[in-house]
Structures are given as C-alpha cells and as structure tokens.
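Written out below as structure tokens is the structure these notes cover.
The values are calculated or read from the model by the stated rules, or taken from the named source; none is laboratory data. Quick caveat: nothing in here was measured; it's all calculated off a predicted structure. Don't worry about glycine lacking a Cβ; one is built from the backbone with ideal geometry, like all the others, and counts go over all protein chains shown.
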Ligand SMILES: *[C@@H]1O[C@H](CO)[C@@H](O)[C@H](O)[C@H]1NC(C)=O
Ligand SMILES: *[C@@H]1O[C@H](CO)[C@@H](O)[C@H](O)[C@H]1NC(C)=O
C-alpha cells in the first residue's frame, strides 16, 4: 500500500513536469513579431497588453527610418521586408514547426494569452496560415469578385494580423520582391487569391473573428462588455458571430474606437478594480525634484468672475520658482484687472511674460507661442489653463503625478453635461457622444480616459513634443478653432490625450450670457454661474440661519432679522442703481405700475428697470422663502410672488422719510444696503402699533415682517448722507 502510494505520487509529479515542459516548449514554439519604427503611445499600449497576457513580442524595425508610406495611406511593404529578414534568420535555425504570430502594433491590443490564441488557431480545420478578415476589400476593391464565394461576416483578407507555421509564412513573404512603399495588404491578398497557392499553403481567413477582430466597418457587430456580472475584466464580443476575439485591431478610421475600448480592455479598468492602468502609471512627485512647468493662462473671452480665476492662478499649490508664467489676455474689458495682477505678482515666478490685447496676436498664435516657448526651453510641462476653468489648488500636482503625457482634469458646468472633453468625434471632426460619456461626466466610472478632444485645461509633457513626429502639432488650422486644430494634430501625430475624473478637480464657468455692457456684470450671473455667485454674494453666515440652536433675532414683535446677502452684494447693488440713475420722482403718478398710481410713493428704482427682477425673484425663492417658512410656520407659498421689488433712496434733500403706511403684502422684506452712522445718519423703520424702531440696521441683513394689518410702519428721517434699502412686497 505504502509503496504504491509513493509510486503514484512519483508518477504524478513526473507527469506534472512533462506537462510543464510541454507548455514551455509550446511557448518557445511560437514567435510573436511586430513592426514599429517609432516609439509612440500606440506601441506602448500594445506592448503593455502583451505584458498583461505574458506574451513576449519581438519588435522589428525599431529605430529604423519608416519608408513604408504615410500610416493613413496605402503602403507597408516595409513591414514585409522587415519580417522577411527575421524569418530568413529563423528558417536557418531550423525549427520547421515553429508558429509565427504577426500583428501590427500601433493600433492593436492583445486580449488573451498565447495559449488561448494558439488553441483557437489549432481549431481551424486544414489550416497552416490564418489571416485576419474584414468587411472591406482593400486597397483594391475590384479584387472582391475574385474571392471564393462565401456568405460570412468578414469576407476579405486583412494583413494586420496573421498566425501560421514558419515554412508557409516564409514562402509567402518570399513569394515576390516587394518594395517598402508597396501595400502589404495587397501583397498578401494577391497570394491568397491564387487558388493553387491558397490550397497548397493551406491559407484560411478568420471570417468570424475567432482570433482577430478588425474594427473598421464592424462597430455595430462588436460590443464592449465593461461590467459583466460574471467576469471581472471587460472584454469584447462579436455579437454577429458570437465570438470573443483575442486580438483587436483598430484598422483604418476605427482607431478612435480602439482608443475608447483601450480604456477598458487588457485589464486596464474594471468595475470592481477601478482604473488598474492609472495605478500602474502613477509616479511619485518628489518635492526636491519637482518638474518645471510653464503655466500658460488664456483669457480669450469676457469671463464671469475673473477675479476668482486670477486668485486661483495665484493659489495653485506649486512653488512659483518652478513656474514660468505666461499670461495672455485678449479682452480689453479685463485688461486693468489683469495688468494689476501681473504688476503685483509676476516677480514671484521663475519668469513671467504677458500678451496683451494691444499686441494683436490671435488666439492660435498665442497658444503656439506658449507651446513653442516651453518646447524650446528648460520646461518639463506645459500647463494650459483657460479663464473658464476653475480648479482645485491640487490639480497641477495630481496631473503631474498621474504619469500621463497629455492629460486634462475633467471639468463640467455644474448641473449640466457640458464638459471640457469629447468622448468621440464624428467624421467631420466635431463632437460625438461616446457610450460612456455620461458615466464619465457623472463619475459613475472613475479613471483616466483616452479621448479624442480635450480643452480649457490640460497638462502636456514637453519631451513628447520634442520628437520629429510631433513637429506638426499646432493650434493653427484654417477655419477651425485653435483647440480643435490642436487636438486634431495630436491625433494625427499619434499622441494620446486623456481626461481624468479620478478626483473633483473643479468646474467650468459659463460665459454665454455674460454682458460686459452692464454695471457689475457678475451680479447678473446668478443663473449661469450660481456657484461663483453664491460664494461672492450670499452672506457668509446665511446658512447658519438654519442651525438648530440658533436664536432668531426679533428686534420688534414679529419682525425677524437675518443675515442674507454679503456686504459686497450691497455695494455692487447700489452701484448698479446709481449707474442706472433713473430714480422715480416721488409723486403719486407712477407709469411703471399697472394702475399708474402709487399711494405711498418713494424715490426708487424697480428691478425690472435694471434687468434684475428675475434674479431677485430667484433670491426670494431660494434664500428668503426658507427663512419665512422657518419663522412664520404653516405658511407655504412657492415660489413667492412679488410684483414690487425696488431699491429706495432716502436723503435729506430729496425724500428723507416715509409716512406711516401698510404694505400690500403677506409679508414684507427690507434689506439694508448701507451703514447707519457711516454712510448716513438717522433713518430706520418704526412699527407704530408696538412703538418699536429698528435703527441699527446692518448691510446685507434682512428685516421680515407681516404686511397689511398688524405692522403699520414708517420710514424714519434721514438727516445726513444717503440711505438705501431693497424692498419686496411678497405675496400681495
Ligand atoms: C456594474 O453593475 C452592477 C450590477 O449591475 C452595478 O451595481 C454597478 O453600479 C455597475 N458599475 C458600473 C461602474 O457601471
Ligand atoms: C415710544 O417709545 C419711546 C421711546 O422708546 C417713548 O419715548 C415714547 O413715549 C413712546 N411713545 C408712546 C406713544 O408710547
């Protein structure tokens, strides 16, 4: 018993060893070859996918000059010649049963191990060489008629991938001389179409994409499964042939689709693991070895809340001695503000340069200047920021440590799907939506995404732009916007651009309605740029009104007192009224009213006159109504209605006070806009029934009291200066 047990164990171990030896042999028996004459992002991605699946690839032609034609035009004979050289060498070493797997590189990804690929190859009956197949007969469409008649998904040969035995492939590549500039696909196609050769060499096509999936023309056949319930890692499925391809090729115009798939495939990302590729690429920033960055700031259009933007430039979390500042402003309206900023802060930076409106430099020229200055100097990165981009202070550091060469922080208009990237482009080069665009925008998926267009803010590593292949990168192209020209030239140069939504990096402001003919135009941006607006104009203690333990101030019976708007709001609000200047004459005749008659007239300006009525009603709805509901419980009216919204001006030589009266309202609000005993003397409001006055009003603080019956009141005499208040009769 004992002995046989040992023997069995021994035999088992032996079998294991033999099996292992067999596997190793199988691996050595397959040679994986590709051609790449330059190192670029496509090659990097291809080699990574090989590494993920444990595939050793030999890259042919590295460092040699590519003479095989433009990548987008016919050509590629050089690939055959490089392959021929290698196969001659292998034939001499004599292993006749060696398997060769050849693929293109820049637009190809491995999706499986070599064992899986070879297994599927062996499953093809009577086949010694298997070529990829596609839907288009290319480059010579006339040859389509010469193909053997088959009803299949992919009838025609594609030379971007093939697998087969060494002797047969050797014979194929040596069949005829081929010039570097000849088309490789045409060369292989002609051999395949010779029936005798096809049969003697046992050449087949992978019509169903069992191994090779070409994406051109097949986009509706191929589905990316990025969140399967059974598999951790995303994969692609050909839903027509029911195959799960093992090698994917973004041939022809499908390169951008491959870029999209590449965000997920080859274990780049998964729903459970997140962005594995991001983790691989991340590098550590060492504080004593921080790269030098050119921060190129572009103010190309009148921009809401520019002051906040300049502040953000200044407070970027990065040592200024490591930053070359290039400050470009092309908006005369902003020039004083920008110039003040530059005079005050430029000396803090390593270097600083200005481009002014008076320099008459176009946007694309200005952007090229920034890029070229950075390329031609000791500058490691270009960090380009448009004035619409509002960033968290740590954005630059995060992007630098991401390890990506060209990467934008994802920025979105709050509450909208408008962002600073496109998920796809259409054939005309304009915006198209990708299937995952909304998931990225809403951060349902997080990671760093290869996309065809980025704008408004991005980091670019300059070493990538110092190669011959990238000489053509430019912001200038007739008839299209500079950012579109830039991204198109990056795509042409094979430079990948990415958008990161790993963190909340900030957002975009919306300049669409920004009207610089207004006084204080930011004040009018409540709807388009609410985030900036509330930060600047809402009272800093507004939200504390709702604290549980807060005791509400009640200076007179049922008269409540709340902090509502900031002092800056008050000052700018007054400036808008005074700039408008058409105060009413204080008579009973008032053409602004439907009735034409005002019983208790004041010197005032209505919000309808300065284009702020919609804004003020929104303030009532969003910020005043919740206060009312809190203190006058049980009364709900949403949205509050108010027809009379106006600023009143009291001064001794005009109208210094207002006689006792009732307001025609359910409740009245009275917002103080300036300071008693500083801007004016006297003034205040007296509630007659209670013999109670409020005199020590505070700018930005709101008095709220019932209208009509109980709160008969008067405006007290102003003896000096000018007093301004903002009044609404709510729910008349
Ligand atoms: C993936 O699918 C699961 C279950 O259907 C879902 O709960 C999850 O949100 C999905 N994740 C992503 C990133 O789409
Ligand atoms: C109202 O109050 C003031 C002081 O607060 C007082 O001097 C005055 O006599 C009061 N008037 C009436 C009618 O009670």
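At a glance:
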| quantity | calculated |
| --- | --- |
| Any hit, the stretch 211-230, residues being surrounded by fewer than 20 Cβ atoms within 10 Å (Cβ to Cβ), without any contact (Cβ under 8 Å) to a residue 60 or more places away in the chain and more than 28 Å from residue 452 (Cα to Cα) | yes |
| Residues of the stretch 39-51 that turn out to be assigned to a loop (DSSP other than H, G, I, E, B) and surrounded by fewer than 18 Cβ atoms within 10 Å (Cβ to Cβ), as a count | 1 |
| Residues located in the stretch 172-190, provided they are over 47 Å from the mean Cα position of the chain (by Cα) and crowded, with 16+ Cβ neighbours inside 10 Å | 172, 175 |
| Filtered residue count, the stretch 336-367, keeping only those that are crowded, with 16+ Cβ neighbours inside 10 Å and closer than 16 Å to residue 293 by Cα | 5 |
| Candidate set from the stretch 683-692 (those that are buried (at least 17 other Cβ atoms within 10 Å of the Cβ) and in contact (Cβ under 8 Å) with a residue 40 or more places away in the chain); member that is farthest from ligand 1 (Cβ to nearest atom) | 683 |
| Scan of the stretch 174-200 for residues that are touching a residue at least 60 places away in the same chain (Cβ under 8 Å) and either over 13 Å from residue 79 (Cα atoms) or part of a loop (DSSP other than H, G, I, E, B) (or both), ordered by number | 174, 178, 179, 180, 181, 182, 192 |
| The listed residue being within 22 Å of residue 564 (Cβ to Cβ), assigned by TED's automatic domain parsing to the domain that holds residue 596 and without any contact (Cβ under 8 Å) to a residue 12 or more places away in the chain, out of 722, 697, 668, 633 | 633 |
| Residue match in the stretch 705-712 (condition: at pLDDT 95 or above, under 22 Å from residue 627 (Cα atoms) and under 52 Å from the mean Cα position of the chain (by Cα)) | yes |
| Some residue of the stretch 434-445 being surrounded by fewer than 22 Cβ atoms within 10 Å (Cβ to Cβ), touching a helix residue (DSSP H, G or I) at 6+ places or on another chain (Cβ under 9 Å) and modelled with pLDDT under 95 | yes |
| Strands (runs of 3 or more DSSP E) completely within the stretch 291-392 that count 2 or more residues being without any contact (Cβ under 8 Å) to a residue 60 or more places away in the chain and in the same structural domain as residue 480 (by TED's automatic domain parsing) | 323-329, 351-355 |
| Qualifying residue in the stretch 391-404 (condition: surrounded by 16 or more Cβ atoms within 10 Å (Cβ to Cβ) and within 16 Å of ligand 1 (Cβ to nearest atom)) | no |
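Yes or no, residue by residue, for (1) touching a strand residue (DSSP E or B) at 6+ places or on another chain (Cβ under 8 Å); (2) more than 18 Å from residue 108 (Cα to Cα):
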site	(1), (2)
127	yes, yes
131	yes, no
135	yes, no
140	no, yes
157	yes, no
166	yes, yes
